[in-house]
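Asks: Mind having a look at this structure? Questions to follow.
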Amino acid sequence: MSIDSRFAHPLAILTAIALGGTALLAQLQYPATRKGDHVDTYHGTTVPDPYRWLEDDTSAETKAWVEAQNKVTFPYLEKIPFRGALQARVKELNDYERYTSPFRKGPYVFFRKNEGLQNQSVLYIQKGLTGTPEVLIDPNQWGETVVLTVFAPSKDAKYAVYGISQSGSDWQQFKVMELATKKTLPDTVEWVKVSGAAWHGDGFFYSRYPSPAEGREKVSINEGHQVYFHKVGTPQSQDVLVFEDKENPQRFHTVKTTDDERFAILNVSDRGKGKDGNATYVRDLSKGETTFKPVVGEIGNDTFAVLDNVGDQLLIQTNYKAPNGRVIRVHADRPQEAQWAEVLREKPEPLQDAGTAGGKLFATYLKDVTTRAHVYALDGKLEHEVALPGPGVAGGFDGPKDATSVFYSFNSLTVPPTIYRYDITTKESSVFRQPKVPAYDPAQFETKQVFYASKDGTKIPMFLVHKKGVKLDGANPTLLYAYGGFNVVQWPSFSAA
C-alpha cells in the first residue's frame, strides 16, 4: 500500500493508518515487564509501587528493558508506508529561523536564535543595537543530552551565570563566564534546582538542595530548599547561606534582585498543598540588611510578582482581590495592606503581563484573545497604546531603568514570531528580527475575527483565516479547530505545519 501524502484525502489517510495499524498490531509481541514488590508507607497508608525499579535508568535491568521495547517499537514504525514522506514534509515546514526577544545588560544585547532544525537555540551577544551578532554559547556543541538552562548577566555585563542540565534532569550546574573574553571561569555551583541567578555586585543569589548521598542523586527526596550567595572567584564551599525554612521543608525559595540591585526579593511557594500563590519577602541590600522582611507573609492562592522598584517602593503585579490582575505599589518599610496604593486597577480584560523600562510601566491585556499593549507613567497614568502590527499575541516590554527602547515578540495565525523594537521616545515600532518561512508569504492571507453567541449568551471569539480573494460561499474545504475548558487559553499563534 502506498499513499502520496500531497494528494491524499485526510479520511483516506486515517483509514489507511487504521487498517495498516491493525495488521501490524496483530504481529506485535510485547516484552514482559517485571512487577516488583516495592511498597511505600505514607502517613500510615500503604502505597504499592511495583515498577519503582524502572526509575533507576542506569541499572542493567532497566537498560535491557529499554532495548527490548525498542526492538518492538522501531520495526513497527518503520513499516508505516508514508512515514518517510510525512517526516520530510514536517521537517521542510519547520525549517525556518526563530528568535527570542533580546534583552540588554551593560553595553550588550543578548538573544537566542535557532536556524530551524537545531536541537537547541544558540545564544548570541552583540554590542548595542547595530553590532554584529556573535555566538556566545552554542549548547549543541555539548552533545545531544546537555541543555543550556539559565543565562543571567550581571548588571555591568562583566560576568554571566549560565546553567547546564544533563539528560533531562532537574538538577543544574551553574558556571560563570567572563563576557569580555567569553572565558568560563573555575566557579562551579552544584545541586541547583528550581532556581535562577540574581546578581548583586560581583556575586549572585541562587537556590539549591543539600547535597544528596552518592548514588542517590536521582531518587533522593528533595527537601530543605535553600538560598545561597556565591561570590565570583571563590569555591562553593565558601558560599553564604542566605535563607532556609526547616519547619517547611517542602517549600520552594527563589530570589530575584531589582534592576538597581537595591532590593533582594524572596518568593516562597508550596508543593502539594493545594495553594497556587506565593509569599513575598524583601531585603534592602543598600542598608546592609541580613534578613528578609515579609511583604506578603502567608501563602494563599494569590500571586505576587515584584516588577521593579521606584525608590523605596515596590511595583507588584498581583491577582489579590483582582482575578483579572492589577498592579500595586508597596513601600518596602511599610508593607501592610492598608498602606498599599493601586497603580493599575483591575480591568474587565485580563492583565496578560506587566513590566518596566525607561521610567515607564508597560502592561499587556488580553481582549478577545488578542493583545492590547499600553504605556503608563510609573504612577499609573495612561500615556498611550502601543500600535501593534495587527491582531495577534505580543509579549516582552521589559528592560532596565535607563532603557530608551524595549523589545517585544509578536505573532498571529499568519505572521511567524517576529521581534520588534519599540522606541520609548518616538512611540514607534520597527522590525528587529524577522524569520523567513520558505515558500510562504503572509501578505497572501487575511484574518478576520468574528463572534458566536454561546448558549448562555457569552460571545465566543473565532478567527477565519484564508487566502485573499477566496469567495466565502460555504463551498470551501475548511479545517475547524476549537478547544475550551480548564482555564486554558488557545492563542491565535503561528504554526508552519
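None of the figures in this text is laboratory data; all of them are computed from the coordinates on show. Quick caveat: nothing in here was measured; it's all calculated off a predicted structure. Neighbour counts are summed over all protein chains in view; Cβ atoms, including those assigned to glycine, are modelled from backbone coordinates with ideal geometry.
Asks: In segment 249-260, is there at least one residue being of a type outside the set (F, W, Y) and surrounded by fewer than 13 Cβ atoms within 10 Å (Cβ to Cβ)?
Replies: no
Asks: Also, quick follow-up: Select from segment 403-420 the residues that are out of contact with any Lys or Arg (no Cβ under 7 Å at 6 or more places or on another chain) and of a type in the set (F, W, Y) and write down the one among them that is farthest from P435 (Cα to Cα).
Replies: Y408
Asks: Suppose we filter segment 284-304 for residues that are under 27 Å from H200 (Cα atoms) and touching a Ser or Thr at 6+ places or on another chain (Cβ under 7 Å); how many remain?
Replies: 5
Asks: Considering only segment 326-339, state which residues are within 17 Å of K381 (Cα to Cα) and either charged (D, E, K, R) or part of a loop (DSSP other than H, G, I, E, B) (or both).
Replies: Hits for segment 326-339 are R326, R329.
Asks: Here are F263, F304: which of them is within 30 Å of E385 (Cβ to Cβ), crowded, with 20+ Cβ neighbours inside 10 Å and of a type outside the set (A, V, I, L, M)?
Replies: Answer to the check: F304.
Asks: Any idea how many residues of segment 180-222 are within 15 Å of G233 (Cα to Cα) and outside any strand (DSSP E or B)?
Replies: 2
Asks: Right, T371: buried (at least 20 other Cβ atoms within 10 Å of the Cβ), within 28 Å of the chain's Cα centre (by Cα), hydroxyl-bearing (S, T, Y) and farther than 29 Å from K448 by Cα or not?
Replies: Values: buried (at least 20 other Cβ atoms within 10 Å of the Cβ): yes; within 28 Å of the chain's Cα centre (by Cα): yes; hydroxyl-bearing (S, T, Y): yes; farther than 29 Å from K448 by Cα: no.
When the stated conditions are applied, T371 does not pass them.
Asks: Among the aromatic types (F, W, Y) and more than 27 Å from E244 (Cα to Cα) - does that describe any residue in segment 161-169?
Replies: Quick first cut of segment 161-169, residues among the aromatic types (F, W, Y) only: 162.
Imposing the further condition that a residue be more than 27 Å from E244 (Cα to Cα) reduces the set to none.
Taking every residue of segment 161-169 in turn, none turns out to be among the aromatic types (F, W, Y) and more than 27 Å from E244 (Cα to Cα).
Asks: Which of (1) in contact (Cβ under 8 Å) with a residue 24 or more places away in the chain; (2) part of a strand (DSSP E or B); (3) of a type outside the set (F, W, Y) is the odd one out, the single condition S165 does not satisfy?
Replies: Exception for S165: condition (1).
Asks: Right, another one. Can you name the residue in segment 308-319 that is over 23 Å from the mean Cα position of the chain (by Cα) and outside any strand (DSSP E or B) and, of all such residues, is nearest to F397 (Cα to Cα)?
Replies: G311
Asks: Also, I was wondering about something else. If only one of T478, T414, T425 is over 20 Å from the mean Cα position of the chain (by Cα), assigned to a loop (DSSP other than H, G, I, E, B) and closer than 22 Å to T356 by Cα, which one is it?
Replies: When all the criteria are applied, what remains is T425.
Asks: Taking V406 as the residue in question, decide whether it is over 24 Å from the mean Cα position of the chain (by Cα) and part of a strand (DSSP E or B).
Replies: No: the conditions fail for V406.
Asks: Condition check: surrounded by fewer than 19 Cβ atoms within 10 Å (Cβ to Cβ), in a strand (DSSP E or B) and not hydroxyl-bearing (S, T, Y). Does K155 satisfy that?
Replies: no
Asks: Another question about this same structure. For segment 41-72, which positions are part of a helix (DSSP H, G or I), surrounded by 10 or more Cβ atoms within 10 Å (Cβ to Cβ) and of a type in the set (G, A, S)?
Replies: Answer for segment 41-72, where residues must be part of a helix (DSSP H, G or I), surrounded by 10 or more Cβ atoms within 10 Å (Cβ to Cβ) and of a type in the set (G, A, S): A64, A68.
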